[in-house]
Amino acid sequence: MTGPDPSVTPPARCPICGGGRFVHTPVLWPGLVDEWGLSADEAAYIDAQQGTRCDTCQSNLRSLALALAIMQWAGYAGLFGQFVHDPRHAALRLLEVNEAGTLHHLLRILPGHRFGVYPQVDLMQLPFESGTFDLVVHSDTLEHVPDPRRALEECRRVLAVDGALVFTVPTIVGRLTRSRAGLPQSYHGLAGANDPGMAVHTEFGADVWAFVLAAGFRSCELVPCAFPAGLAIIARR
Ligand SMILES: [Zn+2]
């Protein structure tokens with residue numbers, strides 16, 4: 001199936017490349033929808049979050065929300081594809097943990113970009129000194145971490161005083177967060193996946209902001225893109 005998901009209206013213009021055409025490829029599979037306990041509407045917007053993408057730059061709604069949030073934090077009004085080339089951002093000290101979707105190849109253009117993947121760079125114990133970064137970015141990683149509050153505290157620790165964490169996590173907006181402790185293992189990625197690193201520990205819900213504030217951040221800002229399909233979070237240190 002191609003063409004936009006009928007239940008979600010993509011933005012008129014891609015905030016990353018400026019493209020105006022979106023396509024949809026289904027991503028969720030019945031077993032995951034069942035484990036997650038999603039209603040039909042919830043499954044539709046999570047599927048759009050992951051599977052509705054700009055036909056030009058291939059960014060899905062999750063990546064679009066993340067780009068919007070980074071630009072909102074920086075006070076930048078252009079396209080994300082321009083943001084990374086703007087000399088005003090050359091001094092930005094940025095940590096990206098695990099590939100942030102299609103933003104990865106753009107973020108790495110920034111001269112101050114540092115990149116690490118699990119397990120070498122583990123959100124539960126970041127191998128960096130306190131106050132090292134202006135911006136920490138991760139995308140759909142927090143749900144795979146055993147203790148999300150500790151991971152958020154670690155992100156805050158490595159941020160400079162005026163820094164921020166910008167991230168996405170799959171969020172079901174009509175219910176509260178659920179731990180999968182004691183439930184059968186559930187994996188994201190592809191049907192049949194069983195990589196322990198892809199196991200889901202936390203299914204985030206409408207109280208996702210409380211995890212951010214409990215970790216000590218002074219604010220939690222929610223940035224939508226085709227809400228509720230795309231949602232990114234700016235957590236200011
Ligand atoms: Zn695009």
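If the condition is being surrounded by 23 or more Cβ atoms within 10 Å (Cβ to Cβ) and either in contact with a helix residue (DSSP H, G or I) (Cβ under 6 Å, 6 or more places away or on another chain) or at pLDDT below 95 (or both), then region 121-141 contributes Leu123, Val136, Ser139.
Checked against (1) surrounded by 14 or more Cβ atoms within 10 Å (Cβ to Cβ); (2) not in a loop (DSSP other than H, G, I, E, B), Glu99 meets all criteria but (2).
Confirm whether Gly205 is more than 20 Å from Pro119 (Cα to Cα), loosely packed, with under 14 Cβ neighbours inside 10 Å and either modelled with pLDDT under 95 or touching a Gly at 6+ places or on another chain (Cβ under 8 Å) (or both).
Values: more than 20 Å from Pro119 (Cα to Cα): yes; loosely packed, with under 14 Cβ neighbours inside 10 Å: no; either modelled with pLDDT under 95 or touching a Gly at 6+ places or on another chain (Cβ under 8 Å) (or both): yes.
Judged against the criteria, Gly205 is not a match.
Picking from Val27, Val33, which residue would you name as being farther than 18 Å from Glu96 by Cβ, away from the ligand (no atom under 16 Å from the Cβ), part of a loop (DSSP other than H, G, I, E, B) and touching a helix residue (DSSP H, G or I) at 6+ places or on another chain (Cβ under 6 Å)?
Details: Val33 fails: part of a loop (DSSP other than H, G, I, E, B).
Going through Val27, Val33 in turn, the sole match is Val27.
Find all pairs meeting these conditions: Cβ atoms under 6 angstrom apart; at least six residues apart or on different chains; first residue within region 69-81 and under 19 Å from Gly230 (Cβ atoms); second residue assigned to a helix (DSSP H, G or I) and among the aliphatic types (A, V, I, L, M). Note: pairs meeting the criteria are Phe80/Ala67. Condition first: under 17 Å from Val136 (Cβ atoms), within 16 Å of the ligand (Cβ to nearest atom), part of a loop (DSSP other than H, G, I, E, B) and at pLDDT 95 or above. Can you find one or more residues in region 76-85 that meet it? Checked region 76-85: at least one residue is under 17 Å from Val136 (Cβ atoms), within 16 Å of the ligand (Cβ to nearest atom), part of a loop (DSSP other than H, G, I, E, B) and at pLDDT 95 or above. Scan region 157-165 and give yes if some residue there is at pLDDT 95 or above, within 26 Å of Tyr45 (Cβ to Cβ) and out of contact with any Phe, Trp or Tyr (no Cβ under 6 Å at 6 or more places or on another chain), otherwise no. Looking for residues that are at pLDDT 95 or above, within 26 Å of Tyr45 (Cβ to Cβ) and out of contact with any Phe, Trp or Tyr (no Cβ under 6 Å at 6 or more places or on another chain), one finds at least one in region 157-165, hence yes.
Of all residues in region 103-122, those being free of Cβ contacts under 8 Å to residues at least 40 places away in the same chain and either assigned to a strand (DSSP E or B) or under 25 Å from Pro196 (Cα atoms) (or both) number 9. Summed over region 36-66, the residues that are more than 10 Å from the ligand (Cβ to nearest atom), assigned to a loop (DSSP other than H, G, I, E, B) and either of a type in the set (Gly, Ala, Ser) or more than 19 Å from Arg178 (Cβ to Cβ) (or both) give a count of 2. The set of residues in region 144-156 being in contact with a Phe, Trp or Tyr (Cβ under 8 Å, 6 or more places away or on another chain) and surrounded by fewer than 20 Cβ atoms within 10 Å (Cβ to Cβ) consists of Arg149 alone.
Summed over region 109-120, the residues that are among the hydrophobic types (A, V, I, L, M, F, W, C) and surrounded by 14 or more Cβ atoms within 10 Å (Cβ to Cβ) give a count of 2. Scanning region 85-99 for residues that are closer than 18 Å to Met71 by Cβ and out of contact with any Lys or Arg (no Cβ under 9 Å at 6 or more places or on another chain) yields His85, Asp86, Pro87, Arg88, His89, Ala90, Ala91, Leu92.
The values are calculated or read from the model by the stated rules, or taken from the named source; none is laboratory data. Remember, it's a predicted structure, so these values are computed and weren't measured experimentally. Glycine also receives a Cβ, built like all others from the backbone with ideal geometry; neighbour counts cover every protein chain displayed.
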